[in-house]
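Asker: Please see the structure below; I have some questions.
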Amino acid sequence: MKISLNWLGEHLDHGLDAAALCVLLARLGFEVAGRERRGAAFRGVVVGKVLSRDKHPNADKLSVCVVDDGTARWNVVCGAPNVAAGQAVAFARLGAELPGGLKIGKAKLRGVESQGMICSREELGLAKDGEGIWVLDAATAPGRDVASLLGPADDVLDVEIAPNRPDALSHRGLARELAAALGKPLKPLPAAALAAASGAAFPVSVEDAAACPYYSARLIEGVKVGPSPAWLKSRLEAIGLKPINNVVDATNFVLHDVGQPLHAFDADKLAGNRIVVRRAKAGETLLALDHKIYPLAGCLTIADADKSVALAGVMGGEASAVGEKTARILLEGACFAPAEVRRSSQRTRLRSESSYRFERGVDPELAAAASARAAALILQIAGGKAAQACEAAAPGERRPPIQTSAARINAILGTSFSEAEIAGALRPLAAELKAAGGSLEFRAPSWRRDLANAWNLAEEAGRFLGYDRVPYRLAPLAPRAASLTPAECASRRIRARLAALGLCEAYNYDLLSEKALAAARLPSENLPRVANPISEDWAVLRPSLLPGLLRNAQHNLSRGAESVRLFELGKVYARKNGAVEELWRVAGLLLGPAMQARWQPGRAPDAEFADAKAVVEDLLSRAGALSWAGLDAPAAGKTASDPLFHPANSLRALAGATPLATLGWLHPRVARAHDLERAGVVVFDLDLEALAALTRPRVQARSLSPFPPVRRDLALVVREEVPYGDVERLILGAAGEILQAVELFDVYRGKGVEPGGKSFAVRLTFGRADRTLTDVEVGETVNSRVLPALIRSGARPRC
């Protein structure tokens, strides 16, 4: 929020310069984000009188003027269309310096010498006020320094206001804080002297008193809309606001002066001579003052007899805006419920100075006084006659006082302030304070809705007495190691293992767009959604981690990466029994060469299905016995990520009947949607919670045998539908304890294998810890035990 020190001085004689004020505000909890010195940024510019204006002999759009600066007459070439004889203008003499380092000297423009420059406000570093040159009051004497017309120099501070302190969102609000800190009195606000008037031309009705506990409408007739006086323009320009007209500027002035949003309607554009605060009707829209049309469904609106004319607490409508021809205005002063204004603002994606304050909570007792003050100001600068305000007010609720004690506040702060010090710090903030015998009874003023308990009062006492007076003492601690949940243990182990395997961890937002879901072939129906997303790109809670990883891969490839090996560990979301279910999962992606560099010439082989399977098997190594099934198998079940996998080239890992992981090639349509169709992409997705819930087998260590192993290779022909896992389990069961390992190293289909069959090439490793096995022992095990068991199951040796 912009704060003008000159404006602040109208509320409090603080006696501080800008630097000291910044320090004090920071100590009170109001960070100063910026500071600007306002004043004349030029030198040598005086008031000049245009004595004549003639057409330039060599240019259609230039004029040759004679300007009197009080000491001499000068020929000046000017290109502004609004220059005319008789005007008082801002004249930059020869040698004048303008903002940006421009120095004025003699110059020839199309053959005519120019001995100075007639300036616009913009050329002088001032706020723009219309097109062309700056035309001054004709009565201003030539030769007067233009800088003296701008009033005293000013410092403008950009102050950060916490969301729980809407009372400080005005010059008056910050002046209250400074007055309490400095122990100085606030200046009284100017009295709103309104002539007594009878009748209420615009009756008000409020259909939802909870959403609008107070509303007033005051008719002012006979106003003359025009430019604001210089003092009012200067006030608004100092805080970065553009003056519009005297009526609108008066409401903006009161907003930034005392913190109450107001709005002025053109009364002649309101139908039925009445105001209704109601819910918008179905299909109702509003053309707002920003020239955009907004749907009003479900929003609280201000309406006349026919239609909604404003979005309550947010913005007025263009159809009832005050303009140059306005003669009758209706001045609105209201108090709206913060949640109501926030809801309307979020639904329409419309923010304003008014909604910023109403959302945080405006003083419920301020609206009437602020409306009267604005009406008095409008009568002063725009003329007219004000009628009595018509009001609709719900019964106010008196807040109970806060009962506490000096001892309690000291206990919260860890201090030893006296009762007198604490009472002295809180008294300037209170509507009423009673202190006796160590107890305190504090009644908060209407503008401090954030003060509700002893903790709040302790914070205020700390702010004003100084947090630097709180002693530094280390609180006694009894540290106790926290135990990890099974999911946390599993996540730590998996994160470390994937990093060791060469994968980099990615972090993505938990939100996706409808477009991202469609690109990943994921249905958007029945997914959890954000009620008021900040963007359509973040509207749906993700059902899978893979869409984010695919975007990461696309991003890396588009920037020259040859290989991408990523994983993410995070939450996915689903609807279950009307609630949102959060599930922990791990997903990964492999594409491109597995090695970035190698000695052999040529490109390293790209990541394949077997690489992803090796990673998944490593992660599931402590899950016990696993079985594998295609995604179309009944035992495989379904997961939210299934649409991203190639249906014919993917597998599901199961522990009993529990699906643990899915791995396979990326679906071609998904790859095409992410510009990854040229690179083979292997992806995997693990259920972290299911993996953590498994009872892990106890790991038993045994010494390595010092004796050499014996290996035998077998080629076995089986039916196409027989999975390798069945063959491996049969071999392990038949071979006995001397079999140390079984490894599949080839799968063959083709010549020598009948149609409908396939050949597994397996390597059996035998060994003992106490001696070397003989060929006879190994041959007997293979020929007498393993092969007969395989043949009985339907397999046959391949010749």
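The values are calculated or read from the model by the stated rules, or taken from the named source; none is laboratory data. Predicted model only: the values in this text are computed from it and were never measured. Neighbour counts are summed over all protein chains in view; Cβ atoms, including those assigned to glycine, are modelled from backbone coordinates with ideal geometry. Quick note on the areas: whole protein, heavy atoms, side chains included, nothing else; ligands and nucleic acids left out. Shrake-Rupley method; radii C 1.70, N 1.55, O 1.52, S 1.80 Å.
Asker: Find the residue count for the stretch 391-430, including only residues that are assigned to a helix (DSSP H, G or I), out of contact with any Gly (no Cβ under 8 Å at 6 or more places or on another chain) and surrounded by 15 or more Cβ atoms within 10 Å (Cβ to Cβ).
Answerer: First, pick out the residues of the stretch 391-430 that are assigned to a helix (DSSP H, G or I): 406-413, 419-429.
Narrowing further to those that are out of contact with any Gly (no Cβ under 8 Å at 6 or more places or on another chain): 408-412, 420-427, 429.
Still in the list and also surrounded by 15 or more Cβ atoms within 10 Å (Cβ to Cβ): 408-410, 412, 421-426, 429.
The qualifying residues number 11.
Asker: Here is a further query. Determine whether Leu433 is free of Cβ contacts under 8 Å to residues at least 40 places away in the same chain, open to solvent by less than 50 Å² (accessible area, probe 1.4 Å) and touching a helix residue (DSSP H, G or I) at 6+ places or on another chain (Cβ under 9 Å).
Answerer: Details: free of Cβ contacts under 8 Å to residues at least 40 places away in the same chain: yes; open to solvent by less than 50 Å² (accessible area, probe 1.4 Å): yes; touching a helix residue (DSSP H, G or I) at 6+ places or on another chain (Cβ under 9 Å): yes.
When the stated conditions are applied, Leu433 passes them.
Asker: Sticking with this one: For a quick check of your reading of the model, give me the residue pairs whose first member lies in the stretch 644-661 and is in contact (Cβ under 8 Å) with a residue 40 or more places away in the chain and assigned by TED's automatic domain parsing to the domain that holds Leu686, whose second is among the acidic types (Asp, Glu) and assigned to a strand (DSSP E or B), with beta-carbon atoms closer than 6 Å and at least 6 apart or on different chains.
Answerer: What qualifies is Leu660/Asp687.
Asker: Let me ask you something else. Among strands (runs of 3 or more DSSP E) lying entirely in the stretch 34-95, which contain 3 or more residues that are open to solvent by 40 Å² or more (accessible area, probe 1.4 Å)? Write out each step before concluding.
Answerer: Working: elements: 43-55, 63-68, 73-78.
Qualifying strands (runs of 3 or more DSSP E): 43-55, 73-78.
Asker: While we're looking at this one, here's another question. In the stretch 727-740, which residues are under 56 Å from the mean Cα position of the chain (by Cα) and open to solvent by less than 70 Å² (accessible area, probe 1.4 Å)?
Answerer: Filtering the stretch 727-740 down to residues under 56 Å from the mean Cα position of the chain (by Cα) leaves 728-729.
Residue satisfying the conditions is Glu728 alone.
Asker: Right, something else. Starting from residues that are under 39 Å from the mean Cα position of the chain (by Cα) and either in the same structural domain as Ser234 (by TED's automatic domain parsing) or of a type in the set (Gly, Ala, Ser) (or both), keep the ones in the stretch 96-140 and report whichever is most open to solvent (accessible area, probe 1.4 Å).
Answerer: Step one: of the stretch 96-140, the residues under 39 Å from the mean Cα position of the chain (by Cα) are 99-100, 121-131.
Filter once more, keeping what is either in the same structural domain as Ser234 (by TED's automatic domain parsing) or of a type in the set (Gly, Ala, Ser) (or both): 100, 125, 127, 130.
Details: Gly100: 90, Gly125: 55, Ala127: 44, Gly130: 47 Å².
Here the residue is Gly100.
Asker: Could you tell me which residue of the stretch 754-781 is surrounded by the most Cβ atoms within 10 Å (Cβ to Cβ), considering only residues that are modelled with pLDDT of 90 or more and hydrophobic (A, V, I, L, M, F, W, C)?
Answerer: Leu764
Asker: If Pro709 satisfies all but one of (1) modelled with pLDDT under 95; (2) surrounded by 19 or more Cβ atoms within 10 Å (Cβ to Cβ), what's the number of the condition it fails?
Answerer: (2)
Asker: Considering only residues that are hydrophobic (A, V, I, L, M, F, W, C) and modelled with pLDDT of 90 or more, which ones fall in the stretch 573-608? Give the derivation first.
Answerer: Step one: of the stretch 573-608, the residues hydrophobic (A, V, I, L, M, F, W, C) are 574, 579-580, 583-584, 586-587, 589-591, 594-595, 597, 599, 604, 607.
Within the stretch 573-608, Ala574, Ala579, Val580, Leu583, Trp584, Val586, Ala587, Leu589, Leu590, Leu591 qualify.
Asker: How many residues, within the stretch 1-19, are over 33 Å from the mean Cα position of the chain (by Cα) and open to solvent by less than 60 Å² (accessible area, probe 1.4 Å)?
Answerer: Restricting attention to the stretch 1-19, the residues satisfying the condition of being over 33 Å from the mean Cα position of the chain (by Cα) are 6, 9-17.
Applying the additional criterion that residues be open to solvent by less than 60 Å² (accessible area, probe 1.4 Å) yields 6, 9, 11-12, 14, 16.
Summing the residues that are over 33 Å from the mean Cα position of the chain (by Cα) and open to solvent by less than 60 Å² (accessible area, probe 1.4 Å) in the stretch 1-19 gives 6.
Asker: Condition check: farther than 20 Å from Cys212 by Cα, touching a residue at least 60 places away in the same chain (Cβ under 8 Å) and surrounded by 22 or more Cβ atoms within 10 Å (Cβ to Cβ). Does Ile275 satisfy that? Write out each step before concluding.
Answerer: Working: farther than 20 Å from Cys212 by Cα: no; touching a residue at least 60 places away in the same chain (Cβ under 8 Å): yes; surrounded by 22 or more Cβ atoms within 10 Å (Cβ to Cβ): yes.
The answer is no for Ile275.
Asker: Somewhere in the stretch 467-485, is a residue on the phi > 0 side of the Ramachandran plot and at pLDDT 90 or above?
Answerer: Taking the stretch 467-485 as the starting set, the residues that turn out to be on the phi > 0 side of the Ramachandran plot are none.
The answer is no, given that none of the residues of the stretch 467-485 is on the phi > 0 side of the Ramachandran plot and at pLDDT 90 or above.
Asker: Looking at the stretch 250-268, which of its residues are of a type outside the set (Gly, Ala, Ser) and part of a loop (DSSP other than H, G, I, E, B)?
Answerer: Initially, the stretch 250-268 is screened for residues of a type outside the set (Gly, Ala, Ser), giving 251-258, 260-263, 265-266, 268.
Gln260, Pro261 - these are the residues of the stretch 250-268 that are of a type outside the set (Gly, Ala, Ser) and part of a loop (DSSP other than H, G, I, E, B).
Asker: Follow-up. If you go through the stretch 259-278 one residue at a time, do you hit one that is at pLDDT 95 or above, in contact with a Cys (Cβ under 7 Å, 6 or more places away or on another chain) and not assigned by TED's automatic domain parsing to the domain that holds Asp167?
Answerer: There is at least one residue in the stretch 259-278 that is at pLDDT 95 or above, in contact with a Cys (Cβ under 7 Å, 6 or more places away or on another chain) and not assigned by TED's automatic domain parsing to the domain that holds Asp167.
Residue-wise test of (1) in contact with a Ser or Thr (Cβ under 9 Å, 6 or more places away or on another chain); (2) of a type in the set (A, V, I, L, M, F, W, C); (3) free of Cβ contacts under 8 Å to residues at least 24 places away in the same chain.
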site	(1), (2), (3)
Ser148	no, no, yes
Pro152	no, no, no
Ala211	no, yes, no
Pro227	no, no, yes
Leu232	no, yes, no
Pro243	yes, no, no
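Asker: Filter the stretch 744-773 down to residues that are in a loop (DSSP other than H, G, I, E, B) and either more than 59 Å from the chain's Cα centre (by Cα) or over 15 Å from Val722 (Cα atoms) (or both), then give me how many there are.
Answerer: Going residue by residue through the stretch 744-773, those that are in a loop (DSSP other than H, G, I, E, B) are 749-756, 767-773.
Filter again for either more than 59 Å from the chain's Cα centre (by Cα) or over 15 Å from Val722 (Cα atoms) (or both), leaving 750-756, 767-773.
Residues flagged as in a loop (DSSP other than H, G, I, E, B) and either more than 59 Å from the chain's Cα centre (by Cα) or over 15 Å from Val722 (Cα atoms) (or both) within the stretch 744-773 amount to 14.
Asker: Same structure again: Which of the residues spanning the stretch 557-576 are surrounded by fewer than 19 Cβ atoms within 10 Å (Cβ to Cβ), closer than 27 Å to Ala487 by Cβ and of a type in the set (A, V, I, L, M)?
Answerer: Ala574
Asker: Further question: Within the stretch 754-763, how many residues are hydrophobic (A, V, I, L, M, F, W, C) and farther than 12 Å from Pro797 by Cβ? I'd like the intermediate steps shown before the answer.
Answerer: Of the residues in the stretch 754-763, the ones hydrophobic (A, V, I, L, M, F, W, C) are 760-762.
Then drop every residue that is not farther than 12 Å from Pro797 by Cβ, which leaves none.
Residues that pass the stated criteria total 0.
Residue-wise test of (1) buried (at least 21 other Cβ atoms within 10 Å of the Cβ); (2) among the basic types (Lys, Arg).
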position: Glu332; (1), (2): yes, no
position: Arg343; (1), (2): no, yes
position: Gln346; (1), (2): no, no
position: Glu353; (1), (2): no, no
position: Tyr356; (1), (2): no, no
position: Ala367; (1), (2): yes, no
position: Ser371; (1), (2): yes, no
position: Ile378; (1), (2): yes, no
position: Gly384; (1), (2): no, no
